[in-house]
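Encoded as structure tokens, the structure appears first; notes follow it.
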Amino acid sequence: MDTPLTARRRPRSLALELVEALGDRIRDGRIAPSEKLPTEAAIMAEFGVSRTVVREAISKLQASGLVQTRHGIGTFVVGMGDATPFRIAPEQYATLRDVIAVLELRIGVETEAASLAALRRSADNLRNMRAALDSVAAAIEAGRDAVGPDFQFHLEIARATQNVHFADLMSSLGTAIIPRARLENQESVSDEQLEYLRRVNSEHENIYDAIASQDSEGARAAMRTHLANSRERRRRASA
């Protein structure tokens, strides 16, 4: 259940908090493309914010290319933020070489993000990471798609750096950066695949533990190990 924004104690404005919350729902598929956003009144009631905050947040979502308002009708999801300055197009994930290239980028960015997150994370950041990991574990055991919460975990680490550029870059990449997306499009998961997904999430737990312990070097090493293992798993799967 989402916590009302006014109950949080974070340095960002309420409008940016709301942009973050609604953007997460769009990126992980809870609000699908072409779907209408809840009404202003519904958003105000759920998040405990004013109409001014809601309108400012909607304006920022429009500027980022996520939504479009049709006067008299409502606000609709139109994409994943194509207006961002940097993005990797879907066709750039087409081959094994493409996937490995993205993983190499992530190794460069996310190892440092994990290190900074360990130094700067707040209690709120940790709660969000924990919630994402619990959602990953629940999805795996239920045989459901865990890509959304997996991406959310990595995004929460970027946010925990308290450096908006890390979070913006991760948001622009979106869920397509999770390399096992193709595997989870299958109708059922075999015992071997289930064990594989559990190993992946065990690596996530190692990253979380290091960040929670404020172990900067340990977090950096755990993230590097996780992403390097992902790269090798892709190579072995292709072979």
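The values are calculated or read from the model by the stated rules, or taken from the named source; none is laboratory data. In this text, all values refer to a predicted model and were calculated from it rather than measured experimentally. Methodologically, a virtual Cβ is constructed for each residue, glycine included, from the backbone with ideal geometry; neighbour enumeration extends over all protein chains shown. Remember, those area values only see protein heavy atoms, side chains included, never the ligands or the DNA or RNA. Shrake-Rupley method; radii C 1.70, N 1.55, O 1.52, S 1.80 Å.
Scanning segment 63-103 for residues that are out of contact with any Ser or Thr (no Cβ under 8 Å at 6 or more places or on another chain), at pLDDT 70 or above and of a type in the set (Ser, Thr, Tyr) returns a single hit, 95. Taking segment 17-72 as the range and being over 26 Å from residue 160 (Cα atoms), of a type in the set (Asp, Glu) and not in a loop (DSSP other than H, G, I, E, B) as the test, only 40 passes.
The criterion of at least 2 residues that are more than 23 Å from residue 235 (Cα to Cα), open to solvent by less than 30 Å² (accessible area, probe 1.4 Å) and modelled with pLDDT of 95 or more is met by the following helices (runs of 4 or more DSSP H) wholly inside segment 104-217: 123-142, 147-160, 191-212.
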